[in-house]
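Right, one structure below, let's go through it.
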Amino acid sequence: MSQTAATRHSPDRHLAESGAGDEPAAARGTILVTGTGIDLSLLEPLKLSHGLVPHPVSEHLSEEQLAYELRDVVAYVHGGEERATAQALGKAGKLKVVAFLGVGYENFVDVAAADALGIVVTNTGGAATESVATFTVGQIINANWRITHSLRDPHHPLWHGPEDLPHELRTRTVGIVGMGAIGTRIAEIMTQAFGARVVYFSRTPKRDVERRLGLEFLPLHELAEKSDILVVMVPETDQTRGMIDADVLTRVRKGAILVNTARPAVVDPEALHDALRKETVALAVFDGFYGRDSGAGGRLLDDFGDRLLVTGHIASHTREAMDRMVGRAVRSVANVLSNGADEHAVGSHGGPDADRPVKASSRPGGWKLFRSVPESLRLGALIQASWYRGKRQPAARRTQP
């Protein structure tokens, strides 16, 4: 048993470890933090409670570089585009937890390898729902009105005849593939703000959402046939990779708009190329695109660059969403290091049978997930001490995404 685990319930240590004396715990390890747009001051509670010193890396890491950076770290906040492969994780002899910022960890962290090595992997599902949904709706508006195209020549409209004019969104049928938290929020905005008709496909029908928003569940191919705007909002898995294929894209209404702010691989690039060539799909939106080594992705850009709206995986990157994700990751790291478990764990450490910390009462800015009341009190004091420090000292400079 680690020293932390052996002493965390000792009442005599609560004050000494709480940070109330305004002195952080002695450094007992390093936490690797990758990516940009991360406010490092939010990691201060981990320094106070577990002596973890942040090691930020903003540049993209190759597998070899990541393996080097992981050699001596205890925890790893994954906020970049690097792949935590089995080989890289195998070099991390001290690593206990990988806290992934976001939902789609499957293509960035080899969870099976982490499980085999006894490393807990967590994610931050739900933390970026509002940001991703708002961005997606913004791109629907952008694509419908061709706003970015019009900015190139503000003196001449893009249309030549009535068939080129944009449509009011209340006349459009929006088909959403995937009715999770983000898909549901998109449906709320599209129905309640714009009066659009929304149909959806999901692994399981969401009857409560249907009743609340007036949605209709349809099989995927039937949904495509009714969609003027097709929104893809499912994670990339073995089951969803390439699910938006030729059978789907040949069925959409002529001149449809495809909006994919999930993972690019959910859409078959060859099928999309054919749909753009035949003008079945008028315009396609992606947040994150096919890899540099993807021949099909390159052909899409070469042949239809003016009909693609591609951004660099920015939908979740608002200040509020990033802070929520980092805050949740910090709590997950603390839970795993203290208890060996966290409610946001995935893989063999997740699911209904996992050993989960008990939920304690919530307090503003406080820690919510701990195995015992003394543990929650100790870390509650830590977060309070960290908050007061933040009031007295300027926040760390934030790197823009």
Exercise for review: Calculate the dipole size of segment 129-311 relative to its Cα centre from +1 charges on Lys and Arg beta carbons and -1 charges on Asp and Glu beta carbons; express the result in debye to the nearest 20.
Suggested key: 460
Practice item. Based on the mean of other Cβ atoms within 10 Å per residue, sort peptides 302-311, 273-282 so the most packed one is first. Key: 273-282, 302-311
Revision key, fill the gap. Within segment 148-223, DSSP-loop GluC sites (Glu not before Pro) with at most 14 other C-beta atoms within 10 Å are 168
Exercise for review: Starting from the Cα gyration tensor of segment 129-311, take the square roots of the eigenvalues, sort them a ≥ b ≥ c, and report rounded, prolate or oblate (rounded when a/c is under 1.5, otherwise prolate if a/b is larger than b/c, else oblate).
Suggested key: oblate
Check your understanding: How large is ³J(HN,Hα), in whole Hz, for each residue of segment 61-67 in order, when computed from phi with the Karplus curve 6.51 cos²θ - 1.76 cosθ + 1.60 and θ = phi - 60°, using x for Gly and Pro?
Key -> 10, 6, 4, 5, 5, 5, 4
**Study point:** Average Cα contact separation per residue, segment 129-311, under 8 Å, 6 or more apart, as relative contact order %
**Key:** 17
Point to revise | Amide H contacts under 5 Å for residue 311, placed H, 5+ residues apart | key: 286, 287, 288
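A short reminder: the numbers here are calculations on the coordinates, not readings from a lab. Just so it is clear, the model here is predicted, and its values are computed rather than measured. Reconstructed Cβ throughout: ideal geometry from the backbone, glycine too, with neighbour counts over all protein chains shown.
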